[in-house]
1. Could you tell me the largest-minus-smallest coordinate of the C-alpha atoms of region 1-101 on each of the three principal axes, in descending order and whole angstroms?
2. May I ask for the distance between the Cα centers of region 166-237 and region 36-67, given as a whole number of Å?
3. Sort 66, 101 so the one with the fewest other Cβ atoms within 10 Å of its own Cβ comes first.
4. Rounded to the nearest 5, what is the percent of antiparallel bridges among the DSSP beta bridges in the chain?
5. For the chain, list log₁₀ I(q)/I(0) at each q in 0.16 Å⁻¹, using the Debye formula over Cα point scatterers of equal strength and ignoring solvent, two decimals each.
6. Roughly how many nanometres apart are two label points built 7 Å out from the Cα toward the Cβ at residue 131 and residue 200?
7. What is the calculated FRET efficiency for residue 104 to residue 234, with r their C-beta to C-beta distance and R₀ = 25 Å, to the nearest 0.05?
8. Would you give the gap between the C-alpha center of region 10-33 and the C-alpha center of region 98-157, rounded to a whole Å?
């Protein structure tokens, strides 16, 4: 008989197996079906993600779930700003540059996307056009905007990262697709104005979500992962 964690409903092997399955299945969806997700399903995701661990249990995330006509108004506003080359007002400093293996991984991921869509290497106009799809939310019927409290600084943002991961895994478990989007945070000023957020709120990212369009070719590839040997050092003595 499989061992069980005290108080757990399922054997340990079933529990870790379910988590591994969700992590292996999840990918960044870039084409969604238009049908909306039922409210009770969204609330199930939110209730599950709310169990995320946080520094001193501060639970610094606040979430806007934008749907329907409100989502369309927001989409038009942020797309208009992005398409004019405006914005670029991140609340948290983005990476200064990607070097070494980090650049290699970024390039691999980018070329997988462009090759799948038939975009020729070096076609900067096509790259830019595809990047703008972030602001169409890739056709998703819903977007979650994650924001935190300014005085908590980077640790508030780190806690929000844990929340984002759990939100996506909960959505995956309920048959939905997601894509986390730092690009949304590039327009933090617009977001605060559009949703009348207080000045002390800092935008971390967006998560577009809904039912994945599995027939669309952009959803056909999967990114690679480094091995444990590439990322972990064991210190025993």
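A short reminder: the numbers here are calculations on the coordinates, not readings from a lab. Note that this is a predicted model, so its numbers are computed, not measured. With ideal geometry, Cβ positions are generated from the backbone for all residues, glycine too; neighbour counts draw on all protein chains shown.
1. 62, 42, 32
2. 14
3. Numbers: 66 22, 101 11.
Listed from fewest to most nearby Cβ atoms, that is 101, 66.
4. Values: 20 of 21 bridges.
Counting only bridges with both partners in the chain, antiparallel ones make up about 95 percent.
5. -1.37
6. 3.5
7. Working: r = 24 Å, r/R0 = 0.96.
After rounding, the FRET efficiency stands at 0.55.
8. Region 10-33 and region 98-157 have Cα centres spaced 22 Å from each other.
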